[in-house]
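I have placed the structure first, in the form of structure tokens, so that the comments after it can refer back to it.
The values are calculated or read from the model by the stated rules, or taken from the named source; none is laboratory data. Computed from a predicted model, the values in this text were never measured in an experiment. Virtual Cβ from ideal backbone geometry, glycine too; neighbours counted across all protein chains shown. When the accessible area is computed, the model is the full protein with side chains, heavy atoms only, and any ligands, DNA or RNA have been set aside. Shrake-Rupley method; radii C 1.70, N 1.55, O 1.52, S 1.80 Å.
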Amino acid sequence: MTRELLTGNLAAAWGARLARVDYVPAFPITPQTEIIETLSDWYDSGVMAGRLVTLESEHSMITAAGAAAATGVRVFSATSSQGLLYGMEMIYTVAGWRVPFVLVNVSRALAAPVTLEPDHNDILAARDSGMLQIHCANCQEVLDSLLIAYRLAEDPRVRLPVIVNLDGFYLSFTREPVIIPEPGAVDAFLPAFDAESIRFRASQPESQAVAVLGGSPYSYFRYETHLAALEALKVYDEVAADFTARFGRSHAAVEDYRCGDAEIVLVMMGSFATKAREAVERLRDAGVAAGLLRPRLLRPFPADRLREYLAGKRGVAVIDQNLSMGKGGVLHSEIASALYGRKDAPPVLTSFIGGLGGRDISAEEFYEMVSVTREAADSGTVPPPRLLYTRDELREVRKLQTIARVERSELGKEP
Amino acid sequence: MKESMYKRMKDLPSAHLLGTGTPMCAGCGGLEALHEIYDVLGSRTVFVNAAGCMTLLATYPFTPFRGSWLYTAMASAPAGAQGIRDALDILLQRRSITKEEDLDVVVLTGDGAAYGMGLSATSGAIERGLDFLYICYDNEGYGNTGQQYSGATPHGARTATSRGPSGFAGFKKDLFSIWAAHKPTYVATVIGAEPLDLARKVEKAKQLDGPRLIIALAPCPTGWDYEPRHTADIGKLAVQTGIWPLKEYVDGTVTHTRMPRPRRPVAEYLKMQGRFAHLFLDQRGKHMLAEIQARIDRYWDTVEA
Ligand SMILES: Cc1ncc(C[n+]2csc(CCOP(=O)(O)OP(=O)(O)O)c2C)c(N)n1
Ligand code: SF4
Ligand SMILES: [Mg+2]
């Protein structure tokens with residue numbers, strides 16, 4: 001066991017290395033590229049056995065990943081944002097193949113407008129695909145989640161590919177102290193992949209991913225996939241408990257910070273939840289009974305766990321680092337569907353959108369969200385969803401627009 | 001390379017490996033070619049398929065294949081082949097499987113995938129030197145969706161999206177040359193109606209390593225509008241009129257494996273198909289027909305020069 005300063009990207013590469021992945025189909029995209037460059041170096045220098053192949057697109061990359069997993073080797077891949085969307089047809093497809101492998105997504109906001117910084121619209125576009133999703137908040141979690149993800153994906157009760165998500169820049173390029181477990185200990189936790197009957201061999205002809213005719217066989221396979229994903233809730237708990245027993249670190253499906261005696265609870269995913277956590281700490285110092293819940297698993301959705309944590313709370317504020325245009329925050333809808341109609345459900349569920357394209361969420365904004373939610377609980381009136389944006393930011397954008405307009409008209413005047 | 005074991009028609013395999021009772025149309029030229037190809041390739045194969053008519057060959061829970069099959073999507077069958085080949089190589093290398101368990105990886109797609117949506121994936125696979133065989137059955141349109149024009153549709157053909165008086169305004173893309181420009185191990189054109197030529201080429205491709213690509217012109221009664229019983233005749237005419245040159249590319253050299261001499265007028269081939277009926281109606285059709293003939297003549301002038 002060693003402790004090193006690692007970026008989230010390096011932590012992901014280490015996770016893949018410790019999992020002894022055989023095969024990495026790859027394609028570069030910021031902010032993920034460091035992962036595949038690192039793995040490429042490790043294969044080239046012989047510290048890892050197997051191969052990395054750069055495909056000509058993410059669509060092909062995910063096809064190759066699924067096909068290799070269907071042949072019976074352990075596969076890893078990584079992408080981001082536009083890459084995830086470019087490969088989306090195959091994200092859905094390989095989940096239907098029921099092939100276990102792990103894909104890291106380094107979240108980056110989607111075009112248009114094009115940008116490099118993070119939010120979660122990319123990963124949420126894969127929400128309904130059948131690929132399971134684990135969301136990380138720090139670099140240690142990235143490494144650990146990769147190992148957990150392989151156990152989960154390869155479990156015969158699950159057999160589904162898993163996406164491990166980390167936020168671009170905030171985790172991908174941020175160095176944090178990370179414990180790198182001993183390879184032997186990892187091998188004991190995560191034995192070599194046993195493909196069982198899922199594989200292509202000359203002696204055992206196999207047809208995979210064949211067409212179906214009609215809704216009945218189609219529904220059969222779709223329901224099977226859904227039930228396997230639900231089963232993954234139970235399997236996840238088992239695997240996470242085994243991980244804790246072996247390595248001492250706990251990665252529950254839902255992370256709870258001072259939720260027990262909280263009146264108002266913030267719910268948030270990903271690395272920005274660490275900002276929420278600090279705000280909760282300050283609020284506690286000031287005597288406000290705030291708490292934080294961070295779902296690590298988004299698919300399968302740990303609805304029961306969230307319900308238990310939120311039962312009897314006065315108010316819940318969901319902070320979405322994503323925006324479903326014309327609807328609002330995706331996590332807000334998910335939480336609402338988990339709570340609606342339960343007699344001990346919190347009476348107030350407020351919605352805030354923030355952190356889009358890497359925009360910061362300040363401590364003051366967190367305090368404000370708690371206070372708005374508390375007022376709503378007092379008055380019994382839930383305010384409309386709020387898009388976090390300050391007057392200063394608006395002024396700044398307007399200023400730039402004005403400058404650009406003046407510059408353009410001056411350009412026009414030149415002879 | 002070994003001498004071909006297919007010297008005469010009677011040398012062709014007599015036992016047929018591909019099962020019958022598939023949902024393909026009667027007289028499907030693509031299926032005819034696939035039967036012949038499969039007899040030579042055998043069952044130690046995994047077919048990686050892209051969306052198209054042939055996708056329905058393996059329909060849960062049945063398959064006519066004795067070997068393996070993976071359906072991918074329309075654009076990325078070559079990438080599926082890459083994943084399987086790489087995985088098998090990794091397993092062989094670390095001795096997790098024996099050589100006897102190894103498989104030939106065969107991509108099977110239509111022209112829509114091969115000439116268009118999947119071309120980037122094919123180009124990538126060739127450039128990476130992937131050891132695979134690509135079989136394109138070319139029915140000159142998006143057949144499965146009702147024969148709209150594709151990058152393989154010939155000039156003048158009526159399709160579901162070129163119903164005007166002159167048919168398709170574009171020209172059939174030269175996929176053979178596009179593939180050959182990548183300098184793969186082997187490229188060939190074949191047709192089911194010339195089974196000996198086809199068997200020799202598939203046999204040759206099977207013996208080689210690296211990227212090997214074969215385009216089979218696939219007369220399609222449904223899309224080309226003719227009686228199913230004419231598939232073989234139309235196929236023979238495609239070769240005899242010179243509109244479908246049988247050729248192969250090896251080591252930088254293109255060789256024509258059949259020289260149609262004398263060439264029959266292309267009108268004989270075209271008039272058997274409803275999709276070209278408008279060429280035989282009026283003055284405009286006559287003019288187009290002359291143009292099509294002239295293009296074929298120019299092609300063979302350069303070959304024979
Ligand atoms: C991404 C995507 N776009 C469109 C389709 C619809 N589609 C299915 S088969 C097909 C035609 C394929 O044409 P071709 O490759 O020539 O095969 P054929 O149908 O002629 O056998 C199309 C357009 C699809 N399956 N996937
Ligand atoms: S439409 Fe054409 S290619 Fe498709 S199955 Fe029918 S005959 Fe064959
Ligand atoms: Mg076609």
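Yes/no matrix, rows are residues, columns are (1) at pLDDT 95 or above; (2) over 21 Å from the mean Cα position of the chain (by Cα); (3) buried (at least 24 other Cβ atoms within 10 Å of the Cβ); (4) not polar (S, T, N, Q):
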| site | (1), (2), (3), (4) |
| --- | --- |
| A:18 | yes, no, no, yes |
| A:70 | yes, yes, yes, yes |
| A:94 | yes, no, yes, yes |
| A:103 | yes, no, yes, yes |
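Check every one of the strands (runs of 3 or more DSSP E) wholly within the range A:2-60 and list those with 3 or more residues that are without any contact (Cβ under 8 Å) to a residue 40 or more places away in the chain.
In the range A:2-60, the matching strands (runs of 3 or more DSSP E) lie at A:51-54.
Could you give every pair whose Cβ atoms fall below 7 Å, whose first residue belongs to the range B:46-62 and is facing chain A (nearest Cβ under 8 Å) and touching a residue at least 40 places away in the same chain (Cβ under 8 Å), and whose second residue is part of a loop (DSSP other than H, G, I, E, B) and open to solvent by less than 10 Å² (accessible area, probe 1.4 Å), counting only separations of at least 6 or pairs across chains?
Sorted first by the residue in the range B:46-62, then by its partner, the pairs are B:46/A:200; B:46/B:67; B:46/B:103; B:48/B:72.
Considering each of A:319, A:361, A:335 in turn, give the residue that is part of a loop (DSSP other than H, G, I, E, B) and surrounded by 18 or more Cβ atoms within 10 Å (Cβ to Cβ).
Just a single option satisfies the conditions, and that option is A:361.
I'm checking my understanding of the structure. Among residues of the range B:8-56 that are under 27 Å from residue B:142 (Cα atoms) and of a type in the set (Asp, Glu), which one is nearest to ligand 2 (Cβ to nearest atom)?
Going through the qualifying residues, I end up with B:32.
In the range B:153-183, which residue that is hydrophobic (A, V, I, L, M, F, W, C) and surrounded by 24 or more Cβ atoms within 10 Å (Cβ to Cβ) is farthest from ligand 3 (Cβ to nearest atom)?
B:179
Pairs needed: first member in the range B:1-21, modelled with pLDDT of 90 or more; second member anywhere, open to solvent by 100 Å² or more (accessible area, probe 1.4 Å); C-beta distance under 9 Å; at least 6 residues apart or different chains.
Every condition considered, the pairs that remain are B:11/B:5; B:17/B:66; B:18/B:66; B:19/B:62; B:19/B:66.
Quick check on this structure: which one of A:247, A:200 is at negative phi, touching a strand residue (DSSP E or B) at 6+ places or on another chain (Cβ under 9 Å) and within 14 Å of another protein chain (Cβ to nearest Cβ)?
A:200
Looking only at the range B:41-57, filter to residues that are assigned to a helix (DSSP H, G or I) and within 16 Å of ligand 3 (Cβ to nearest atom); which one of those is nearest to residue B:22 (Cα to Cα)?
Only one residue tops the list, namely B:57.
Tell me which helices (runs of 4 or more DSSP H) are completely within the range B:73-192 and hold 2 or more residues being more than 14 Å from chain A (Cβ to nearest Cβ) and under 30 Å from residue B:231 (Cα atoms), or say none if there are none.
Hits in the range B:73-192: B:175-181.
Residues of the range A:71-126 being aromatic (Phe, Trp, Tyr) and outside any loop (DSSP other than H, G, I, E, B), which ones?
A:76, A:86, A:92, A:97
Before we move on, is residue A:137 without any contact (Cβ under 8 Å) to a residue 12 or more places away in the chain and either open to solvent by 10 Å² or more (accessible area, probe 1.4 Å) or more than 11 Å from chain B (Cβ to nearest Cβ) (or both)?
no
If I ask for residues that are crowded, with 20+ Cβ neighbours inside 10 Å and either touching a Phe, Trp or Tyr at 6+ places or on another chain (Cβ under 6 Å) or over 17 Å from residue B:297 (Cβ atoms) (or both), which ones from the range B:248-271 would you list?
Within the range B:248-271, B:248, B:249, B:270 qualify.
Table: residues versus (1) buried (at least 18 other Cβ atoms within 10 Å of the Cβ); (2) of a type outside the set (Gly, Ala, Ser); (3) at positive phi; (4) more than 16 Å from ligand 1 (Cβ to nearest atom).
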residue: B:6; (1), (2), (3), (4): yes, yes, no, yes
residue: B:21; (1), (2), (3), (4): no, no, yes, yes
residue: B:25; (1), (2), (3), (4): no, yes, no, no
residue: B:28; (1), (2), (3), (4): yes, yes, no, no
residue: B:42; (1), (2), (3), (4): no, no, yes, yes
residue: B:45; (1), (2), (3), (4): yes, yes, no, yes
residue: B:53; (1), (2), (3), (4): yes, yes, no, no
residue: B:58; (1), (2), (3), (4): yes, no, no, no
residue: B:65; (1), (2), (3), (4): yes, yes, no, yes
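Which numbered condition trips up residue B:140, out of (1) touching a residue at least 40 places away in the same chain (Cβ under 8 Å); (2) among the charged types (D, E, K, R); (3) within 20 Å of residue A:62 (Cα to Cα)?
(3)
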